Amino acid sequence: AQSVSQHNHHVILSEAASLELGCNYSYGGTVNLFWYVQYPGQHLQLLLKYFSGDPLVKGIKGFEAEFIKSKFSFNLRKPSVQWSDTAEYFCAVSRSNDYKLSFGAGTTVTVRA
Amino acid sequence: DAGVTQSPTHLIKTRGQQVTLRCSPKSGHDTVSWYQQALGQGPQFIFQYYEEEERQRGNFPDRFSGHQFPNYSSELNVNALLLGDSALYLCASSLATSASPDTQYFGPGTRLTVL
């Protein structure tokens, strides 16, 4: 069965610190990879996605993610966080010819002003 | 641009009752997926509807059923509610005929509490 692991349950940072959230999946075939964000009181929003091509993907609000196929990883990064980045972040994976998204448990990020 | 909408926002039911949740997809989308998100967990896939038929189903019992209407909107029905069905129910929409793989856009969810 496919699973998605997010390494950190809760991350606390100060403004301007760099952020990296880990995501690993356990499936050997072709995958599509996503990061979603849920700001307090808001619905899940797509941050970025990877289907093919350049493994370094840039998303909204200064986020980027790198797909490393050999490590089955899709880590999310932001060089300098802001207080407004406080949110819950979800990694999600779908297989080719599969319609469902499989989500990790999420990482809560708290940015201190 | 109308995003995914869901109703109601909150719902309280008692064990054994039945519930119907509703979803309207993002403008231009034709596919609806439903997810259950328990507290502190990531969303779990329930099923997906396309062309008014269930196209794929996750690991949920038959008490969970759905429907898609000709206007692409969808309903999720849960019968014989259990305490463990308390969760946030998310609807996501996508465009099946897009050239790239499915990208799903989520609604705000319906918070179901079973007492």
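Any read-out appearing in this document is the output of simple, stated calculations on the displayed coordinates, not a laboratory observation. What you see is a predicted model; the values in this text were computed from it and never measured. As a convention, Cβ positions derive from the backbone with ideal geometry for all residues, glycine included, and neighbour counts pool all protein chains shown.
Taking the fewest neighbouring Cβ atoms within 10 Å as the starting point, the ordered list for A:HIS10, B:HIS67, A:HIS43 is A:HIS10, B:HIS67, A:HIS43.
Of the residues A:LEU33, A:SER14, A:ALA113, the one whose Cα sits farthest toward the positive end of the charge dipole of chain A, with +1 on the Cβ of Lys and Arg and -1 on the Cβ of Asp and Glu, is A:LEU33. GNM on chain A, alpha-carbon springs under 10 angstrom: the most fluctuating residue among A:ASN97, A:ASN75, A:ASN32 is A:ASN97.
Given +1 at the Cβ of Lys and Arg, -1 at the Cβ of Asp and Glu and no other charges, the dipole of chain A around its Cα centre is 160 debye to the nearest 20. With a cut-off of 19 Å, note down the residues of the range A:84-113 whose backbone N falls inside the zone around a label point 7 Å from the Cα of A:HIS9 toward its beta carbon. It comes to A:87-91, A:103-111, nothing else. Working from Cα pairs under 8 Å separated by at least six residues, relative contact order for chain A is 38 percent.
So what's the net charge close to A:ILE60: Lys and Arg +1, Asp and Glu -1, counting the other residues with Cβ under 14 Å from its Cβ?
Numbers: positive: A:LYS49, A:LYS58, A:LYS61, A:ARG77, A:LYS78; negative: A:GLU64, A:ASP85.
Once positives and negatives cancel, what remains is +3.
When +1 charges are put on Lys and Arg Cβ atoms and -1 charges on Asp and Glu Cβ atoms, the dipole computed for the protein assembly as shown relative to its Cα centre reaches about 420 debye.
Comparing B:SER74, B:SER24, B:SER86 in a Gaussian network model of chain B, where Cα atoms under 10 Å apart are tied by springs, the biggest mean-square fluctuation is seen for B:SER86. Considering only B:LEU83, B:HIS67, B:SER93, and ranking their Cα positions along the charge dipole of chain B that arises from unit charges at the beta-carbon of Lys, Arg, Asp and Glu, the one farthest toward the positive end is B:LEU83. Label point of A:THR30 set 7 angstrom out along Cα-Cβ; within the range A:56-97, amide nitrogens under 11 Å from it belong to A:96-97.
Between A:GLY22, A:GLY62, A:GLY53, the GNM of chain A built on Cα springs shorter than 10 angstrom shows A:GLY53 fluctuating the most. Summing charges over all other residues whose Cβ lies under 15 Å from the Cβ of A:TYR25, with Lys and Arg as +1 and Asp and Glu as -1, gives +3.
If you place +1 on the Cβ of every Lys and Arg and -1 on the Cβ of every Asp and Glu, how big does the dipole about the Cα centre of chain B come out, in debye to the nearest 20? Please report the intermediate quantities before stating the final value.
Numbers: 8 positive and 10 negative charges, 100 e Å.
In debye, rounded to 20, chain B gives about 480.
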